[in-house]
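> This is the structure I have questions about; it appears just below.
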Amino acid sequence: MITRSVTIENIDELYLMWNDHINASALYRRALREEMEIRGVDPDELRDLLDRAREQGYTLDEIAEATNRFDDLRSLVEERQRQPPADDATND
């Protein structure tokens, strides 16, 4: 997992200091899930596609460079699945 920095306002920081039991990472992930829902992205399907792309040998950086939306990732994974493995190619 990659840790990213997030800018918060002073009021956010103070509130989190008062309520140190609140998991700010969970709040961040919840907000991202809400954004996904608004845009019609199923987080389970996204996770599955990401896992499949990584199983195909792509790194996270390569996936980010080759795609910029959910449908691009789906196309990347499906295109790679349609291609026969290099060692299965026949030389006639």
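The values are calculated or read from the model by the stated rules, or taken from the named source; none is laboratory data. Not measured: the values here are computed from a predicted model. Here Cβ is always computed from backbone atoms with ideal geometry, including for glycine, and neighbour counts include all displayed protein chains. Remember, those area values only see protein heavy atoms, side chains included, never the ligands or the DNA or RNA. Shrake-Rupley method; radii C 1.70, N 1.55, O 1.52, S 1.80 Å.
> Charges on Cβ only, +1 for Lys and Arg, -1 for Asp and Glu, centred on the Cα centroid of the chain; of Ala53, Asn68, Leu16, which one is farthest towards the dipole's positive end?
About the Cα centre, the residue reaching furthest to the positive side is Leu16.
> Which whole-number percentage describes the relative contact order of the stretch 3-92, with Cα contacts under 8 Å and a sequence gap of 6 or more?
18 percent
> Over the alpha-carbon set of the chain, work out the extent along each principal axis and list the three values in angstrom, largest first.
Principal-axis extents of the chain (Cα, largest first): 72, 24, 20 Å.
> Given points 7 Å out from each Cα along the Cα-Cβ axis, report the Arg74 to Asp48 separation in nanometres with one decimal.
Each label point lies 7 Å from its Cα, and together they span 1.1 nm.
> Using a simple charge model, +1 on the beta-carbon of Lys and Arg, -1 on the beta-carbon of Asp and Glu, nothing else, what dipole does the chain show about its Cα centre, in debye to the nearest 20? Please list the in-between numbers first.
Details: 12 positive and 23 negative charges, 45 e Å.
Rounded to the nearest 20 debye, it is 220 debye.
> Now for a separate question. Just the accessible area per residue of the chain, please: how many Å² with a 1.4 Å probe?
On the way: 8140 Å² over 92 residues.
So the chain comes to 88 Å² accessible per residue, rounded to a whole number.
> Moving to a separate point now. Where the accessible area of the stretch 12-90 is counted over protein heavy atoms with a 1.4 Å probe, how much of it, in %, is carbon and sulfur?
48 percent
> Mind ordering 27-33, 15-21 by average Cβ neighbours within 10 Å, highest first?
Working: 27-33: 11.9, 15-21: 9.6.
The most tightly packed comes first, giving 27-33, 15-21.
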